[in-house]
Amino acid sequence: MNVPSAKPSLRLSAIDHLLAAIGQGLMLARAERLPAARANPADAIADEAALSEAERRHAAGLMRVNHAGEICAQALYAGQALLARDAALRAHLLAAADEEIDHLAWCAERLSELGEGPSLLSPLWYFGSYAIGMLAASFGDRQSLGFVVETERQVEAHLDEHLDRLPPSDRRSRAILRAMQAEERRHAEEALARGAASLPDPVPRLMALAAQVMKTIAYRI
């Protein structure tokens, strides 16, 4: 029996892209456990001291923030890729998003170990960040890359802060954050190498303010 050959891929409309974004956002926001392509860095920690109840709640709050940040990262990359002018840049952004799925999975796994779940506002973080990613990309590819650089620099600094604030005995969370930090730094370096433009002065401060709002809320909800 002959099987008809596959039709050439069709050009997706703006509505198709929007529906795909909604589906992806809901999937990521609802999924408490996602498959990771790579081993969790925390797997290398054979043993760790028990956390007190206060330490457990604090570590869970920090990891919930990091999980929410990775939800935002997925949305930012997707929104920027949608409006990227250059096909190679679009592919690069989507590849970086795929890599950061592992970060999302690692954070979700650690949250589960700590007896907590992700932020209840994950859909809001996703769709808000998707819109921001589209806005950044609308100014052009170099500006979009500049947005990647500034985002990753702020995330790297935020992870530094969390490494300081984690309970000393929480070695598993610390291993995850260190691995994430190294990759965020690399993403910024790759964006610079692709010709990222510097962002005008108010933009980094507005980005930091928006991130602080998310972190404050996601720590608790």
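The values are calculated or read from the model by the stated rules, or taken from the named source; none is laboratory data. None of these values were measured; they are calculated from a predicted model. Every residue, glycine among them, receives a Cβ derived from its backbone with ideal geometry; neighbour counts consider all protein chains shown.
Each residue in the range 143-168 was checked for being surrounded by fewer than 16 Cβ atoms within 10 Å (Cβ to Cβ) and either small (Gly, Ala, Ser) or closer than 13 Å to ALA81 by Cα (or both), and 1 of them qualify. In the set (1) modelled with pLDDT of 90 or more; (2) closer than 25 Å to VAL155 by Cβ, ALA37 fails one condition alone, (1). When you look at ARG186, is it closer than 30 Å to ASP43 by Cβ, buried (at least 17 other Cβ atoms within 10 Å of the Cβ) and of a type in the set (Lys, Arg), yes or no? So ARG186 fails the test. GLU70 falls short of the stated requirement of being within 20 Å of ALA179 (Cβ to Cβ), modelled with pLDDT under 90 and either touching a strand residue (DSSP E or B) at 6+ places or on another chain (Cβ under 7 Å) or assigned to a helix (DSSP H, G or I) (or both). Taking each residue of the range 94-119 that is closer than 18 Å to VAL155 by Cα and surrounded by fewer than 17 Cβ atoms within 10 Å (Cβ to Cβ) and looking for partners that are modelled with pLDDT under 90 and not hydroxyl-bearing (Ser, Thr, Tyr) with beta-carbon atoms closer than 9 Å, six or more apart or interchain, yields ASP98/ALA37; GLU99/ALA37; GLU99/ARG38.
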